[in-house]
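Note sheet for the following structure.
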Amino acid sequence: MKTNIYNKVIAGVIYCLLAPVSSILFTSCDDKLDVSNPNQQTTSTFGNTADDLEENVIAAYNHIRMEGTYARVGYTIDVCRGDEVWNSSQVWYMPFDDLNAPFTDEIGQWSWRDWYYTINVCNYTLSRCGEDNSILNEQMKRIKGQMLFLRGLAYYNLTGYYQNPILITDYATYSTLNGLYGTNNSYDEAWDQVEKDFKEAIELLPTRAEGGEWAKGRATSGAAAGYYARALMMRHKYSEALTVLKAIINGQYGTYRLMANYGDNFREGPNYENNEESLFEVQYLDYGSQGTDDEWTPVNTSPNATQGHAIESNFGPGDCGGWADLSASPWLYNLFKAERTTSGSLDPRLYWTIGTYEPEWEGFEYGNVCYTLPITADAPFVTNNNYGGLPIAKNTNLRTGLYDKVVTGLHCGINLRMMRYSDVLLRAAECENEVNGPTQQAIDWINQVRNRAQLASLKLSDFDTADKLFEQIANVERPKEFGCEYGRGFDLIRWGFFYDSNRLQQIRSHAVVLRTNDRSTVKDAIDYDALPKNGDGTLTKETKEQGYKTSFDTWVQGHEFLPIYQGTLTDNPNLKGNSANNGTSNADKLYGPVHPVVNL
């Protein structure tokens, strides 16, 4: 049976959410009768034992599976703000795909809301752990380490989405209205806190091997190290990140390896999930073992929760019962098609990323199927029946052969692998290239990932500059390995692509699509350079009327981040809007030069 650390009643959820309010409302009341109700826990009766705090740990993990965290919106917003995915339904995620979400769009606030729920639970637990780690027993070290990791994860997402979040790290802050209505912290201050939390979590958490069965589905030192490196790279701290990534590769934080079958990273079940490639993944119950109640927000605490995610619903083709919202870009599809394996076949990662018909898939895995329906050359599937789109297969059951349709809602049981060992290798190659490159060591790390896909090894002699190797990593290796997964939006920000005119045109060309109900054309490459454009490089009105669009045509400076919701700003007079609210440029806030575009 699949390991799942969340499948129990969560007493800590309700307590941690209500305790700050109750402390404000009732501190002045006189005690008339001092009777302790065991069913109504208070600050004096809860959180004083490790067992109590373990319930809070479960509550915090539960919160990262909500709609605003990773169960739907919190995951897919980043997917569609990259250049590999577009909004084929032309509704719902449209403002996030076009990077022009207004500050009145409530959906953009859901991630803010749900990550702060997570932070609240973490802060309460950390307030019971003390400052001196040397006196903690092993159980308490693990509790504290997990809470630091999850708080770091929350601020990683809040900073990557909203730029200037409020840093609340002391639970006592909630005891006053001034504390509750905090002010923004700077981008650097937020990343400093993220780094601090992950770094301390590394020291407290066991490796996966040391944790044994306990470690399945939980944060380990390897997970904390991987995310620490990611955070360092957001500010171009490449030397520091390289040291951490080398330590992971050398086994200091546990043993990781690439799975022989790439597809094993995107299936449900105990034979595939929490595997040796996974540094951290969000746990969901397999479809057949779930309850019936969809829990979209952290205030839902049904014991009969489905405990699945809705990523599949957003990706799923309409003909198979999906919501038909998000599709892979033709650029990504044709990037896969541009290079064959050493045996002359297609890159197997294409099979698990995009649901197209290919002659090579006959006899491969589950064959040419969309769920259990056959795909043929004459009857391809599209995501949306009105606007077309290449169906995304990743993190869905489109290629698993298990189900004949999408069961919409929070039902998909495939764990979301948020960091895989292949990411460690490609990030190590990127950092090595930034610090020393191009080098054979960087090439070797890249080749480990390529060779798993049966692609020929790269040669150092083909990359005479660090700029050229960066181009290979950023726009070939990473898209093919992580296409349609969470993280590309973060990459485009950290690479500074929005603030270089050539890079902006490049990602516009990646994201260009033709909205059409002609199923025979959805795979066609689009010659972006040949499309008529305005003087600022955006597509002309006439071109758009023909059905062409590209996500980044509507981007304006500052909108690489999500605006802070106006309702939140109204509720908190101390909070200010960010660059997306104010339409201000972040060009002077980049941490290093932008690599020029290089033709490979």
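The values are calculated or read from the model by the stated rules, or taken from the named source; none is laboratory data. Remember, predicted model here, so these are calculated numbers, not experimental data. In this analysis, Cβ positions are derived from the backbone assuming ideal geometry, glycine residues included, and neighbour counts consider all displayed protein chains. Surface accessibility is based on the protein's heavy atoms, side chains included, excluding ligands, DNA and RNA. Shrake-Rupley method; radii C 1.70, N 1.55, O 1.52, S 1.80 Å.
Over all other residues within a Cβ to Cβ distance under 11 Å of Leu373, the charged ones net out to -1, with Lys and Arg as +1 and Asp and Glu as -1.
Set against the labelled values [x] 88, 61, 42; [y] 70, 65, 52; [z] 79, 50, 50, Cα extents along the principal axes in Å computed from this structure falls on [z]. Computed over segment 290-345, relative contact order equals 19 percent, with contacts defined as Cα pairs under 8 Å that lie 6+ residues apart. Among the protein heavy atoms, those of Thr292 account for about 100 Å² of accessible surface (1.4 Å probe, every chain in place).
The calculated 222 nm mean residue ellipticity attributable to helices in the chain amounts to -11500 deg cm²/dmol, summing -39500 (n - 2.57) over DSSP H runs of n ≥ 4 and dividing by all residues.
Taken per residue, the accessible surface of segment 150-298 reaches 35 Å², heavy atoms only and a 1.4 Å probe.
In the chain, Cα pairs under 8 Å separated by at least six residues give a relative contact order of 18 percent. For helix 138-162, report the angle its Cα long axis makes with the longest principal axis of the Cα atoms of the chain; keep it between 0 and 90° and round to the nearest 10°. Roughly 50 degrees between the two axes. Site pair Ser461 and Arg340 shows an inter-label distance of 2.3 nm when each label is modelled 7 Å from Cα along Cα→Cβ. Taking Lys and Arg as +1 and Asp and Glu as -1, the other residues whose beta-carbon sits under 14 Å from that of Asn581 total -1. When the listed pairs Lys468/Lys544; Lys459/Lys480; Lys405/Lys549 are checked against a 25 Å cut-off, the alpha-carbon distance exceeds it for Lys468/Lys544; Lys405/Lys549. For segment 274-377, trypsin sites (Lys or Arg not before Pro) are listed when DSSP marks them as loop and at most 15 other Cβ atoms sit within 10 Å of their Cβ; the list is Arg340. A straight Cα-to-Cα reach below 27 Å connects Lys141 with the lysines Lys2, Lys8, Lys196, Lys199, Lys216, Lys246, residues fewer than 8 places away in its own chain not being considered. Of Ser111, Ser134, Ser302, Ser239, the order by accessible heavy-atom surface (1.4 Å probe, DNA, RNA and ligands excluded), from most exposed downward, is Ser134, Ser239, Ser302, Ser111. Taking 0.36 nm per residue of separation and subtracting the current Cα-Cα distance, fully stretching the chain between Ala50 and Glu131 would add 27.6 nm.
Any chance you could check the Cα centroid distance between segment 228-297 and segment 456-496 for me, in angstrom? A separation of 20 Å, based on Cα centres.
Local charge for Gln163 was computed over the other residues whose Cβ lies under 12 Å away, with Lys and Arg +1 and Asp and Glu -1, and equals -1.
For Asn271 and Val594 in the same chain, what is the full-extension length gain: residue separation times 0.36 nm, less their Cα-Cα distance, in nm?
Contour length minus the Cα-Cα distance gives 112.1 nm.
Helix 238-249 axis versus longest C-alpha principal axis of the chain: approximately 90°, rounded to the nearest ten.
Legend: calculated FRET efficiency, Asp378 to Ser186, from the Cβ-Cβ distance at R0 = 51 Å, rounded to 0.05, equals 0.35.
Over segment 392-476, what is the relative contact order in percent, taking alpha-carbon pairs closer than 8 angstrom and at least six residues apart?
Dividing the mean separation by the residue count of segment 392-476 yields 22 percent.
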